[in-house]
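K.L.:
Before I ask anything, here is the structure I am working with.
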Amino acid sequence: MNEEISIMPIIVGALAVLYFGYEVDRRRHQLRETFNVFDKQESTIAQALEHLVESGQLKPYVPGQAT
Amino acid sequence: MPRKTAKATETAPTVDLDLKAAPPPRPANDQAKRFDIFLIDTGWNAAISKLVRTHLPLFYEYQKHESLYLLSPEQSIEILKRSPEYIGRDPILLVYDLCAPPGRKHRNYHGFRLSLGRFKHPEQALSRVQEFLRFLIAHRSSAALDVEVRRELHREGAQGMIKILREASTELL
């Protein structure tokens, strides 16, 4: 009986650690989705954006101009 | 013919943009330009779009030394067609780091993006925009911004884990 009672805190503690580990991993995944680093695979988009800017279709934003 | 993003302005300077050029030295001071920032927004998420556009003048004031480009919905659609995995994730603030360090050590890092389309509530999106802005200003002289992105924005490492747990417990309370 006493042995069963002493195991419970260990089980609860282990579950808490597992839950926190899961929560940390979940939130990190969300953050990576939100703030996403990109590499050379973005070169296609980069080309398109460069074309828009160099052709004058896209100009730097200045407050007060219509968007 | 896509609708132009904005009326032509006499004051905007001619821009020669090369997003894939070899990186110049990183800014030695806060006055030098480091980023080209693009807002890609198809209007998919109306509430978040409105929030972002409302705060653009303030964003501009904080990032005066950088170039900020606003794509029209039509231009945004054309761009996202090239990367369909990001459809539905806009508004996206795409930041090209002109001082990105080359090489495999930094996984060919070129920049990073803030995807706001996944947020349903404007308050959540605003919080991330503010965090994004703080990060850009605080780390604009950093040699390896990708490392800072992973450590601070992605909350990697032990300190990041503590931050996540603190934020989670604050939300629970």
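K.L.:
Which ones in segment B:108-130 are in a helix (DSSP H, G or I), within 11 Å of chain A (Cβ to nearest Cβ) and without any contact (Cβ under 8 Å) to a residue 40 or more places away in the chain?
P.N.:
Quick first cut of segment B:108-130, residues in a helix (DSSP H, G or I) only: B:122-130.
Still in the running and within 11 Å of chain A (Cβ to nearest Cβ): B:124-125, B:127-129.
Scanning segment B:108-130 gives B:Gln124, B:Ser127, B:Arg128.
K.L.:
So, in segment B:131-146, exactly how many residues are crowded, with 17+ Cβ neighbours inside 10 Å and not in a loop (DSSP other than H, G, I, E, B)?
P.N.:
6
K.L.:
In addition: Kindly indicate which of B:Gly117, B:Gly88, B:Gly160 is over 27 Å from A:Val53 (Cα atoms) and either of a type in the set (A, V, I, L, M) or at pLDDT 85 or above (or both).
P.N.:
Details: B:Gly117 fails: over 27 Å from A:Val53 (Cα atoms); B:Gly88 fails: over 27 Å from A:Val53 (Cα atoms).
From the options B:Gly117, B:Gly88, B:Gly160, the qualifying one is B:Gly160.
K.L.:
Within segment B:75-98, restricting attention to residues that are among the charged types (D, E, K, R) and in a helix (DSSP H, G or I), which residue is farthest from A:Ile45 (Cα to Cα)?
P.N.:
Result: B:Glu85.
K.L.:
Let me ask something additional. Mind counting the residues in segment B:39-74 that are assigned to a strand (DSSP E or B) and closer than 21 Å to B:Pro122 by Cβ?
P.N.:
Here is the first cut: in segment B:39-74, the residues assigned to a strand (DSSP E or B) are B:39-40, B:67-70.
Next cut, closer than 21 Å to B:Pro122 by Cβ only: B:39-40, B:68, B:70.
Of the residues in that region, 4 qualify.
K.L.:
Separate question: Search segment B:139-156 for residues that are at positive phi and pair each with any residue that is not in a loop (DSSP other than H, G, I, E, B) and not aliphatic (A, V, I, L, M) when their beta-carbon atoms are under 6 Å apart and the residues are at least 6 apart or on different chains.
P.N.:
Within 6 Å, the pairs are B:Arg155/A:Arg28; B:Arg155/B:Lys163.
K.L.:
Just the residues that are of a type in the set (A, V, I, L, M) and more than 21 Å from B:Ala100 (Cα to Cα), please, taken from segment B:136-167.
P.N.:
Here is the first cut: in segment B:136-167, the ones of a type in the set (A, V, I, L, M) are B:136-138, B:143-145, B:147, B:149, B:153, B:158, B:161-162, B:164-165.
B:Ala158, B:Met161, B:Ile162, B:Ile164, B:Leu165, listed by residue number.
The values are calculated or read from the model by the stated rules, or taken from the named source; none is laboratory data. Bear in mind that the values here come from a model prediction, so they are computed numbers and not experimental data. Cβ: placed from backbone, ideal geometry, glycine included. Neighbour counts: every protein chain shown.
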